[in-house]
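Asker: Pasting a structure below so you can have a look.
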């Protein structure tokens, strides 16, 4: 980028003094320390003045110059005869320093003090200057030096330490006499000095001094002293800042009185603050000390109580460990091994026995269930056929009167109607004999079979029960009786309770006992049998096994065997009951419904979260829906036909109405077991509002209509109306409550006060208080308590 300037080599003059050579050489040696730059140097005038001073001294002291030019240490005089201008090559700073260091390394340097090391460093800085002075001193003027007789130095030779010290002493003497050129003499630059120079520089070779000039030793010492004073002052300022920062941190720490109070309570010495900074301490009174001591005592007491509890627990555990150790010492390993070996053999034999007999148990159970299922299907089909035939017969009577053409199917239909009427007469006769007066046609269960068919079913059931007793005739009682099986496991639980509970026997017992329990349930019908489940042998044996006195001795908080009985009911009995509900149960039978509701609320309600119970509820709801859709049928006839209460149309509709009311009561019996929303949907939406209310709206408002409304309200559970406080009944009963209110207005026209009071009390039962109060105020009705 820049063209490298030509090196300026010029011939040194013989008449230049030692100071000039010293300054020139020192500038050449120390010039690389300056910042790198380019420019023109304008030192010609200065050099000219220095030469004039030297000439002046020569004239004043001719003794120094008597030797001629040959007495001076000059490189130019030695080669004048040759007529060739000698040009010295300017050495670099690094080369000179390297040679001086190499020279000084060969000199033995004794141990020195720190002052000597400092003087040695100053001497190293001044060695290039002394070296130049030594080179340019004349031999004639060195009368006080021992080096005047020495031969002149060759080119590139470095003087030793003695010569350097001698040159330094000579310079000191010259300064003391005043025989030197001052470096502080100002020089004014002149334009003519540039033309007097031997080697005039071109414009591109001129150097402009951008950096300050080279300073002598005194100036450098002064600068070092000034810099040291500045650094001292800066250190003092840093110390002051450090002190101020420490004072600020101390002030911040003093702002926490709690910490200071804790130090005071523990007796710790207060922190020492520099610069006499006094922290602002919060005053501590006796109440604070008392409060802290109280808190401390409370915490210590709490720890003490916890330690006491731990001690009691450890003591209890130690006693238990001792008891267990004593039991283990008493019981020999031989006996335990013998017991477990016998128990293993017993369980294997028991499982093999059940595997052999399970097929016979399944077959007998299936046969019994099929007999009951066929009987229920026969009764259901007969009732539906009778309903269909009677409906057809009534329609024919209303349409054509008496039919003339009678075929075979009509004969069969007539025969079925006569059989049905015969069964009604028998039931009516039994009710009269028993004194049952509150009964209506259609509310009785038409579940009577013929004598022959009933006898055949009974014989088949007895035959199956006999086969059940002969299944385990070839088996020892320890493998077929539930009580003996439980005794084996009870012995294990008493003798080796830890291994018994570790083996989770309580989770396996219901599976082991399942075939034996099912065998006892083959003859059990939850819809007909009067015998409750808790009176059966297997139930009593399991209850005795699950709740014993040994559980308190073993310190078992929650005995897992308590759930064995409920597990057997859930896994064995409930699935069987679900089958009865789906295939055998008749929802129109009040007797079957009551027994089934009693069983579910007693034994199934505790396990509502299990899968088997959810399946049972699903079967129950689906069976009720199917009964409402298939068995409820209330025909609509003209009023002129219904006016005669003895007509076939009126009797048929009355029987169907009371059959639907009976089904409504059977559905509402499940209150407390089924969800309230599901139960209201089945009973109110599908039965009351769809069938029964339609009949009530078409009937005449008389005492018979009041009786029907009363029976409907009796079927509704009172738990549905406990949370009603708005003055109006349930939303699903809004149409029924309006009908009751209209009946009151209609009965008032007939002047029937008793019926008005009954209907008003019905409004109060279903929590339709607004309508009841309005009617009572309008007709001045006073309810009887």
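Every number here is computed from the coordinates shown, using simple stated rules; none is lab data. Owing to the predicted nature of the structure, the values given are computational and were not obtained by experimental measurement. Virtual Cβ from ideal backbone geometry, glycine too; neighbours counted across all protein chains shown.
Asker: To the nearest 0.05, how large is the calculated FRET efficiency for residue 547 and residue 721 if R₀ is 30 Å and r is the Cβ-Cβ distance?
Answerer: Efficiency, rounded to the nearest 0.05: 0.15.
Asker: Can I ask one more? Compute the length gained on full extension between residue 219 and residue 342: take 0.36 nm times their separation in residues and subtract their Cα-Cα distance, giving the result in nm to one decimal.
Answerer: 32.7 nm
Asker: Give me D for the stretch 694-785 in µm² s⁻¹, whole number, from Stokes-Einstein with Rh from the Kirkwood sum over alpha-carbon pairs, 37 °C and 0.692 mPa s.
Answerer: Answer from the Stokes-Einstein relation: 248 µm²/s.
Asker: Quick one: which of 706-713, 376-383, 644-651 comes out on top by average Cβ neighbours within 10 Å, and what's the full order, highest first?
Answerer: 706-713, 376-383, 644-651
Asker: Please give the peptides 345-353, 367-375 ranked by average Cβ packing (other Cβ atoms within 10 Å per residue), highest first, as a rough proxy for protection.
Answerer: Descending mean neighbour count gives 367-375, 345-353.
Asker: May I pose another question? Going 7 Å from the Cα of residue 392 in the Cα-to-Cβ direction, what parts of the stretch 624-638 have a backbone nitrogen less than 12 Å from that spot?
Answerer: Output list for this probe position: empty.
Asker: Between residue 622 and residue 300, what is the label-point separation in nm under the 7 Å Cα-to-beta-carbon projection?
Answerer: Once both label points are built, they end up 7.4 nm from each other.
Asker: Of the listed peptides 570-580, 238-248, what is their order by residue-averaged count of other C-beta atoms within 10 Å, with the highest listed first?
Answerer: For the peptides 570-580, 238-248, the packing ranking is 570-580, 238-248.
Asker: How much length is gained if the chain between residue 644 and residue 770 is pulled fully straight, taking 0.36 nm per residue apart and subtracting their Cα-Cα distance, in nm to one decimal?
Answerer: 41.6 nm
Asker: Additional query: Please find the FRET efficiency linking residue 317 to residue 491, where r is the Cβ-Cβ separation and R0 is fixed at 30 Å, and quote it to the nearest 0.05.
Answerer: Working from the Cβ atoms, E equals 0.65.
Asker: Given a Förster radius of 30 Å and the C-beta distance between residue 325 and residue 560 as r, what FRET efficiency does 1/(1 + (r/R0)^6) yield to the nearest 0.05?
Answerer: Once the sixth-power term is evaluated, E becomes 0.75.
Asker: Just from the alpha-carbon atoms, what are the Rg and Dmax of the stretch 473-575 in angstroms?
Answerer: Radius of gyration, then largest Cα-Cα span, for the stretch 473-575: 14.4, 45 Å.
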